[in-house]
1. Quick check on region 15-69: what are the equivalent-ellipsoid semi-axes from the Cα gyration tensor, as sqrt(5λ), descending, whole Å?
2. Quick one: dipole size for region 9-127, taken about the Cα centre, charges +1 on Lys/Arg Cβ and -1 on Asp/Glu Cβ, in debye to the nearest 20.
3. Run the accessible area of region 1-124 with a 1.4 Å probe and give the carbon-and-sulfur part as a rounded percent.
4. Would you mind getting the accessible area per residue of region 25-102, heavy atoms of the protein chains only, 1.4 Å probe, in Å²?
5. Given R₀ = 22 Å, FRET efficiency for Glu53-Trp14 by Cβ-Cβ distance, to 0.05?
6. Place the peptides 43-56, 127-140 in order of packing, highest mean first, counting for every residue the other Cβ atoms within 10 Å and averaging per peptide.
7. Highest mean first, what order results for 115-126, 96-107 on Cβ atoms within 10 Å?
8. Using a simple spin-label model with points 7 Å from Cα along the Cα→Cβ vector, what separation in nm is obtained for Val66 and Val101?
Amino acid sequence: RYDKGPFTEAALLWDAAWYMSIVKDGYALPPPPATSNLAFPPLFPLLTRLLGEGFNSLGLHLADPVYGNWAVAGILVSNLAFLAGLFVLWHLVALDHPAGVADRTVWFVAAFPLGVFWSAFYTESLFLLLASGGASVASIVNAPTHGEVLSRVAAFVQNGQLVYLAISLVAGLA
């Protein structure tokens, strides 16, 4: 068994291993009964791959020599998207509510009992950023089509068609 080291092993738990397979090898459709990684949307693996290749081009070798750069890149993408998502969410809430409500909203989102997944090698943080960004654009510009663009991009992060539909409906009613 290949031990990738504690950081990389922790970063690649559960679905993160699927995302890692996409980052390193792309999408695959093996013959049955093997499982495929086609169910995982492409934006998060694409950003992770770009950042990981940036590390490689700089000659950086972080954590594990085979998977480390990709694991660090995925964690960085998730955490940067989470911080940006909280920033955008705060401004979205502050459009219609006092700053105190926006503050509490951000703290509740960050401290949600399953909040550990915001900083994991998963798509949740990128989805938060794009979904709240889409709603913010739709609210600020008062033009639903602008917000729909970011909301549609969010569907490339998670299977967020229901969120897209909800944002489109809210934007259409505004």
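The values are calculated or read from the model by the stated rules, or taken from the named source; none is laboratory data. Because the structure is a prediction, the values reported are computed rather than measured. All Cβ positions, glycine included, derive from the backbone under ideal geometry; neighbour counts span all protein chains shown. Please note that ligands, DNA and RNA were not included when accessible areas were found on the heavy atoms of the full protein model with its side chains. Shrake-Rupley method; radii C 1.70, N 1.55, O 1.52, S 1.80 Å.
1. Values: eigenvalues 115, 28, 14 Å².
Three semi-axes, in Å: 24, 12, 8.
2. Details: 3 positive and 8 negative charges, 15 e Å.
Using Cβ point charges on Lys, Arg, Asp and Glu, region 9-127 gives about 80 debye.
3. Details: 5140 of 7230 Å².
Ligands and nucleic acids excluded, carbon and sulfur give 71 percent.
4. Details: 4300 Å² over 78 residues.
Roughly 55 Å² per residue, with all protein chains present.
5. Working: r = 24 Å, r/R0 = 1.11.
FRET efficiency, Glu53 to Trp14: 0.35.
6. On the way: 43-56: 18.6, 127-140: 23.0.
The peptides rank, most packed first, as 127-140, 43-56.
7. Ranked by mean Cβ neighbours within 10 Å, highest first: 115-126, 96-107.
8. If labels sit at Val66 and Val101, their model points lie 5.3 nm apart.
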